[in-house]
1. Give the average over all directions of the projected area of the C-alpha convex hull of the range 119-174, one decimal, in nm².
2. List the residues whose amide H sits under 5 Å from the amide H of residue 564, counting only those 5 or more places along or on another chain, with H placed 1.01 Å from N in the peptide plane.
3. Please report, in Å, the Rg and the Dmax of the range 385-448, where both are computed over Cα atoms only.
4. Taking a probe of 1.4 Å, how large is the accessible area per residue of the range 160-199, in Å²?
5. In the structure displayed, which of 496/558; 496/552; 338/584; 386/552 lie more than 18 Å apart, Cα to Cα?
6. Just to confirm the filter: which trypsin sites (Lys or Arg not before Pro) across the range 324-386 are DSSP coil and have at most 15 other Cβ within 10 angstrom of their Cβ?
7. Could you work out what % of the accessible surface of the range 262-318 is carbon and sulfur, using a 1.4 angstrom probe and leaving DNA, RNA and ligands out of the count?
8. With the calculation restricted to Cα positions, what are the radius of gyration and Dmax of the range 306-436 in angstrom?
Amino acid sequence: MSNIAMARPLSRRAGLRRSASAIVLGVALAAAAGGAGRAASGEAETAIPVPDIALPQVGDRDFNISPGGRDATGSIDAETPPTTEPAAPAAQQAPAPAPGSAEAAPIDAMKAAGPVPAAIADLFAAPGAASGLKLSPADRATLQAFYVARQGAPLWVADGRFTPKAEAAKARIAAAADDGLDAGRFRLPDVPSNPEDAAGAARAEIQLSAAALAYAREAWGGRVAPGSVSPSISSRPDAFDATAALASLDGANDVAATLDGFNPQHPQFQALRKLLVEARASRGDRVEHPQIGFGKLLQPGDEDPRVPTLRTRLGLTGGEDDFYYDTELADAVIAFQKGAKIGASGLVNRQTVRALNANARPQDDTTLIVANMERWRWMPRELGAKYVFVDLPAFELHVMQDGRSTYDTRVIIGKASNQTPLLSSAINQIVVNPYWNVPVSIAIKELSQGSLRGFEVVDSRGKVVDAGSIDWESVRAGKMRIRQAPGERNALGHIKFLFPNSHAVYLHDTPSRSLFARSDRAMSHGCVRVDKPLEFADALSGDQGWSGDKLKTMIGGKERGVPLSTTIPVYLTYFTGWVDDGGKLQARNDLYGIDGRLNAALRGEPLPPIPVEALPRIAAKPRPKPAPGAQTATAAPPPPVQQRPGPANWLARIFGDSRY
């Protein structure tokens, strides 16, 4: 495995904790000034966490993604983008604090600090749209608290002009495309035109702070909400702390480096960024070759109007009216066919034409690189000293220790119709001799029409019942379940490794050993099958007293769970672009079609909903016919019993039965 390394503790991370007094005061003022704004917007930004496995749930609003995807963020003048959704009711504007009151004291102090601080105070004091601050309520409150804490002192402007620090920040944000971001989303202010214009300087000051905050947020967590791309993506970026971000910019000696530090520092991300810059720089050097038309089979000795184009495509010279397919051209065709591994015959057939045209346009890797840089932003910043890295497109698992791989093995992952999810969690238990509790979808789709031989049917009380009495609608409703007892034929093999997740997936053994010899190993129902699970256990938990040899002695008999004293982070990842040890980009197969949807989202295109396949209905077995001559009762049905509506019935009549 190449270039998989633990993200090193960042020296820049310390910058996020500078200016302690400013942070404390800023947080306190943000709580007071921003509480109403956050309550109205539903946003809450928590502190940048110490590495933790339990990741926060981040919603679409945390990414500032708007319809069309290309509206400027961090802008105080940008127009509100049109939307087809009904407008939400406007929040009632809180009355301005009375002059001389305790609430107005910080604003009054800003107004007394000088012309520019006074102009900044006026911008924040103006209610709603009157201020011209096109910011989210949360960002407005955060910026206001930031400037109140410093009594309106500008961060970027001095004597009506931008400082060198401001110019460095603008230059770094303007280069956001090198980070895989869209620089057009960050509206940077122009240089104040008149040093005496305090209002213009104040507006430029706040606009640059807003742009820097917007850049830091997207560099930290990306542009796209992961769950909007696919329901199988549960990866979430670490929470972004806007107050701490502004404090770090305030205390930065090298503001460009501080802004850069909001990007992931994982070695793979940094390697992808280097290749992105190189790929964009070399675009002008690439030559696009002419396309070859399809037609009859072309062989040496023929005359065909496509011959001049074929000569040009293969780098040969010749007249535009020379249609003869000569020996020199045949040798060039054979050389191309050998390189393309399509059979070196010299015959220009449809396969050869397709190969020539596929290689005619210079390859542009920028889209692939940007998509994978975005996915790295969804990863935790600190992966841990020891962790398990499952590389789904490569069908590999790696145990990482102190930045290097200590164990590698092959895995089998979910097929396209049963995708293995992308997630971050922590392995907390090993189960030996596991039962396989068959998921409802597999039971309905695959077992309902066949034999249940080798399986057990369990009722809602956990009691094993006769398989002939199974009610498939009860299975669908979760009142009955099907399981496979431990043993040699159990689909999970002898051992499984559990980690909390909402998809009910895990790592496990398998009795189908021969499948690991295949190159394409996307064939499971979503769980990850491990090639040599006892060797994996050695690398995973041997230092906790649960070696492969010890677990092997437990195989056979009843199911047994072994809790780990120290949980171990596990990451199920999906990187279709990977930089190898030689610095070359390796493109992997997009097994689940995630890249297409992610690229569309990055372009700002609306994503169509993903169809959800409904489970088939199981036809009820016909009731046995009554015996010949039997009497049938024809009594009228009894009248309905009038019942007083209890709480449950009352709710059901209003809201409907929640079971459907």
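1. That works out to 4.5 nm².
2. 429, 430
3. Considering the range 385-448 through its Cα atoms, Rg and Dmax are 15.1, 48 Å.
4. Accessible surface, normalised per residue, equals 45 Å².
5. From the list (496/558; 496/552; 338/584; 386/552), the Cα-Cα distance tops 18 Å for 338/584; 386/552.
6. When the trypsin sites (Lys or Arg not before Pro) of the range 324-386 are filtered for loop state and at most 15 Cβ neighbours within 10 Å, 341 remain.
7. C and S atoms contribute 52 percent here.
8. Answer for the range 306-436, Rg first and Dmax second: 25.0, 76 Å.
The values are calculated or read from the model by the stated rules, or taken from the named source; none is laboratory data. Here the structure is a predicted model, which is why all the values come from computation and not from measurement. Positions of Cβ are generated from backbone atoms using ideal geometry, with glycine treated the same way; all protein chains shown enter the neighbour counts. Side chains are part of the model used for accessible areas, which takes the heavy atoms of the whole protein and leaves out ligands, DNA and RNA. Shrake-Rupley method; radii C 1.70, N 1.55, O 1.52, S 1.80 Å.
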